[in-house]
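Everything below concerns the one structure shown next.
The values are calculated or read from the model by the stated rules, or taken from the named source; none is laboratory data. Keep in mind that what you see is a predicted model, and the values were worked out from it rather than measured. In this analysis, Cβ positions are derived from the backbone assuming ideal geometry, glycine residues included, and neighbour counts consider all displayed protein chains.
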Number of protein chains: 2
Amino acid sequence: MRAIQDHYPPTFAHCYGCGPANPAGLHLKSYLLEDRTEARFTPDRRHSGGVPDNVYGGLIASLLDCHGTASAAAFANRARGRALGDDGPPIRFVTASLRVDFRRPTPLGAELLVTGRLVSLEGRKAVVALALAAGGETCAEGEMLAVELRT
Amino acid sequence: MRAIQDHYPPTFAHCYGCGPANPAGLHLKSYLLEDRTEARFTPDRRHSGGVPDNVYGGLIASLLDCHGTASAAAFANRARGRALGDDGPPIRFVTASLRVDFRRPTPLGAELLVTGRLVSLEGRKAVVALALAAGGETCAEGEMLAVELRT
């Protein structure tokens with residue numbers, strides 16, 4: 001299955017966090033499931049927080065941010081009765097506002113599971129609830145207001 | 001002048017975004033001024049957003065996050081009548097919650113100015129207002145709730 005980001009229009013696919021067209025990037029891959037979106041990512045050891053065994057906050061925010069805009073695009077796509085990768089005009093959202101609540105330290109070395117759920121979709125605005133877990137424990141939660149780009 | 005992060009206790013200085021002890025990191029340096037804190041950072045070209053000419057949102061969140069916790073430590077230090085680098089116990093804050101409002105695209109290639117202002121400080125909790133500007137224009141604003149670690 002191709003990831004949501006693999007359907008981004010090439011002009012908008014350069015994001016360091018998730019753009020297929022960024023050779024140096026992290027290449028986060030998000031997938032649309034029945035009731036949610038998911039992405040899995042295992043941070044490199046260099047991405048430590050203040051202490052070497054935890055992930056730094058900026059990466060957690062990055063993962064939620066990239067996954068959130070991908071989720072918004074996928075949810076909007078589905079709400080319009082479209083399939084990802086069809087030949088309609090591309091749908092691409094950007095972040096207007098992101099909140100991240102850090103619930104507990106995120107362990108470094110583990111695979112992280114990022115999930116997204118659609119809270120609301122009105123016109124070009126989507127609100128997505130986000131969470132990041134390691135080993136079944138929620139380490140961070142967040143919410144994003146994403147706005148559709150006019151591509 | 002040594003940066004706030006250069007006074008972090010070595011055990012807590014491994015952050016990828018700003019830790020002096022992280023050899024692969026971004027090494028953000030924040031400074032305490034009269035009424036605010038400041039950090040300056042020029043992102044590498046690889047840190048692009050969806051389009052190649054803008055900075056990706058995750059890096060903006062990272063800069064605000066690292067600068068925010070440094071600011072909280074410096075403001076708390078001063079509120080207690082202490083000087084950075086004195087021989088008292090180290091003061092180190094971590095993020096409980098971070099909000100980032102993206103006001104306009106942040107141009108890639110420019111030096112970014114990150115500022116922090118203390119909103120409130122009560123016990124171990126500090127609220128810091130944050131902003132990120134390029135060429136005198138505010139590109140992102142945010143607010144952080146930071147909590148002091150028991151080092």
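Tabulated data
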item	result
Only listed residue being of a type outside the set (A, V, I, L, M, F, W, C), under 21 Å from A:Lys29 (Cβ atoms), within 14 Å of another protein chain (Cβ to nearest Cβ) and touching a residue at least 60 places away in the same chain (Cβ under 8 Å), chosen from A:Thr106, A:Thr151, A:Thr115	A:Thr151
Members of the stretch B:105-114 that are part of a loop (DSSP other than H, G, I, E, B) and of a type in the set (A, V, I, L, M)	B:Leu108, B:Ala110
Extreme residue, farthest from the other protein chains (Cβ to nearest Cβ), among residues of the stretch B:49-100 that are among the basic types (Lys, Arg) and in contact (Cβ under 8 Å) with a residue 40 or more places away in the chain	B:Arg78
Residues of the stretch B:69-99 classified as over 19 Å from A:Asp101 (Cα atoms) and among the aromatic types (Phe, Trp, Tyr), total	1
Filter pass, B:Phe102 being within 27 Å of B:Thr138 (Cβ to Cβ), buried (at least 22 other Cβ atoms within 10 Å of the Cβ) and more than 16 Å from the chain's Cα centre (by Cα)	yes
Residues satisfying the stated conditions in the stretch A:98-148, i.e. of a type in the set (Asp, Glu) and within 11 Å of A:Gly68 (Cα to Cα)	A:Glu143
Evaluation of A:Ala39 against (1) surrounded by fewer than 24 Cβ atoms within 10 Å (Cβ to Cβ); (2) in contact with a His (Cβ under 6 Å, 6 or more places away or on another chain) (one fails), failing number	(1)
B:Gly68 being out of contact with any strand residue (DSSP E or B) (no Cβ under 9 Å at 6 or more places or on another chain), crowded, with 21+ Cβ neighbours inside 10 Å and modelled with pLDDT of 95 or more	no
Unmet requirement for A:Ala21, which otherwise passes all of (1) crowded, with 20+ Cβ neighbours inside 10 Å; (2) within 13 Å of chain B (Cβ to nearest Cβ); (3) not β-branched (Val, Ile, Thr)	(1)
Matching entry among A:Val127, A:Val114 (being among the β-branched types (Val, Ile, Thr) and either surrounded by 23 or more Cβ atoms within 10 Å (Cβ to Cβ) or within 29 Å of A:Asp44 (Cβ to Cβ) (or both))	A:Val114
Hits in the stretch B:24-42 - residues which are closer than 17 Å to B:Val114 by Cβ, facing chain A (nearest Cβ under 9 Å) and out of contact with any Pro (no Cβ under 9 Å at 6 or more places or on another chain)	B:Gly25
Residues of the stretch A:17-51 classified as under 15 Å from the mean Cα position of the chain (by Cα) and among the polar types (S, T, N, Q), total	3
Whichever residue in the stretch B:83-99 is modelled with pLDDT under 95 and more than 15 Å from A:Gly50 (Cβ to Cβ) and, among such residues, is nearest to the chain's Cα centre (by Cα)	B:Leu84
